[in-house]
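Here's the structure, in structure tokens; my notes come after.
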Amino acid sequence: MTAKIIDGKTIAQKIREKIKNEIKEFKQKPGLAVILVGNDEASNIYVKNKEKDCQEIGFYSEIHKLPEDISEEKIKELINKLNNSDKIHGIIVQLPLPNHIKEETVINTILPEKDVDGFTYINAGKLFTGNKGLLPCTPAGCIELIKSTGVEIKGKEAVVIGRSNIVGKPMAMLLMQEHATITICHSKTKNLKEITKRADILVAAIGKPKMITEDMVKDGAIIIDVGMNKDENGKLCGDVDFENVKEKVSYITPVPGGVGPMTRAMLMKNTLTAYLNINGGKN
């Protein structure tokens with residue numbers, strides 16, 4: 001058996017096209033503001049890509065680049081200005097932030113209805129209690145990738161490796177909402193291999209290159225690889241040993257070209273949702 005590759009690029013492109021068509025007749029365009037603190041190379045690339053997506057779809061976008069040594073208060077001032085702006089419907093703060101700034105304080109300054117990353121306490125609480133809010137982009141994208149296989153999630157055994165607030169925990173919540181049975185594994189999990197071998201759906205979000213090997217996966221499983229690492233040759237790779245694992249499973253996401261494009265597409269989808277919510281569904 002060789003797995004079918006879940007093509008995140010193609011699925012993300014379809015989502016962007018759908019949004020582009022939907023907003024064609026809008027009098028005002030949905031607006032996204034991105035705050036970038038410092039000069040982290042990876043963050044710069046992500047922000048450029050988000051700006052490109054906005055241009056392609058036809059969103060209004062603002063990029064606010066701030067110096068590394070800026071105070072927390074100044075960032076909060078900017079967020080409050082964006083909270084009150086009629087042009088802006090979605091606000092994201094590119095992470096990570098410099099050490100002297102408290103991420104949680106800054107993120108929770110964003111109005112929940114403009115929190116298109118889904119990271120505020122309010123949106124996290126809504127997800128936890130099964131209420132409608134803006135969802136974190138990466139886990140929401142992963143659910144879309146799983147659904148694209150046509151395999152029903154309901155009743156499946158799903159294992160999530162990683163317990164971060166950005167991916168692991170919300171991923172587990174979303175899988176539970178789809179009626180999967182969930183196990184969350186992390187660095188302190190004992191007998192990891194025994195647990196991962198039971199998974200019909202395995203989501204790896206640990207940040208360790210090629211950690212998930214073929215002897216750790218179940219025959220015919222669906223593998224979603226959230227990892228973005230460099231291997232020993234400096235080549236981009238995921239948390240899953242793709243070449244060997246793909247011979248054993250039914251579906252697998254590549255790195256790059258799997259989860260990454262979907263994260264960006266879900267950010268665009270969230271921005272449109274936020275726009276419609278703020279305007280009471282009117283355009």
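The values are calculated or read from the model by the stated rules, or taken from the named source; none is laboratory data. Since the structure is predicted, the reported quantities are computational estimates derived from the model, not experimental observations. Heads up, the Cβs are rebuilt from the backbone with ideal geometry, glycines too, and the neighbour counts pull from every protein chain shown.
Looking at segment 264-278, can you tell me whether even one residue there is of a type in the set (A, V, I, L, M), touching a Cys at 6+ places or on another chain (Cβ under 6 Å), modelled with pLDDT of 95 or more and buried (at least 17 other Cβ atoms within 10 Å of the Cβ)? Among the residues of segment 264-278, at least one is of a type in the set (A, V, I, L, M), touching a Cys at 6+ places or on another chain (Cβ under 6 Å), modelled with pLDDT of 95 or more and buried (at least 17 other Cβ atoms within 10 Å of the Cβ), which makes the answer yes. The conditions of being modelled with pLDDT under 95 and within 17 Å of MET262 (Cα to Cα) are met by ILE45.
Residue pairs whose Cβ atoms lie under 6 Å apart, sitting 6 or more positions apart in sequence or on different chains, and linking a residue in segment 66-78 that is surrounded by 16 or more Cβ atoms within 10 Å (Cβ to Cβ) to a partner that is part of a helix (DSSP H, G or I) and charged (D, E, K, R), do not occur here.
Residue pairs whose Cβ atoms lie under 8 Å apart, separated by 6 or more positions or on different chains, with the first residue in segment 151-177 and assigned by TED's automatic domain parsing to the domain that holds VAL217 and of a type in the set (Lys, Arg) and the second part of a loop (DSSP other than H, G, I, E, B) and modelled with pLDDT of 95 or more, are LYS154/GLU178; LYS154/HIS179; LYS154/ALA180; LYS156/ALA180; LYS156/ASP200; ARG163/HIS186; LYS169/ARG163.
Pairs, please: C-beta under 7 Å, at least 6 apart or cross-chain, first residue in contact (Cβ under 8 Å) with a residue 60 or more places away in the chain and in segment 21-33, second assigned to a loop (DSSP other than H, G, I, E, B) and charged (D, E, K, R)? Short answer, once both residue conditions are applied: ILE23/LYS29; GLY31/LYS87.
For segment 180-223, the set of residues classified as in a strand (DSSP E or B) and small (Gly, Ala, Ser) consists of ALA204 only. Of the residues making up segment 165-179, none is farther than 22 Å from MET262 by Cβ and more than 18 Å from the chain's Cα centre (by Cα).
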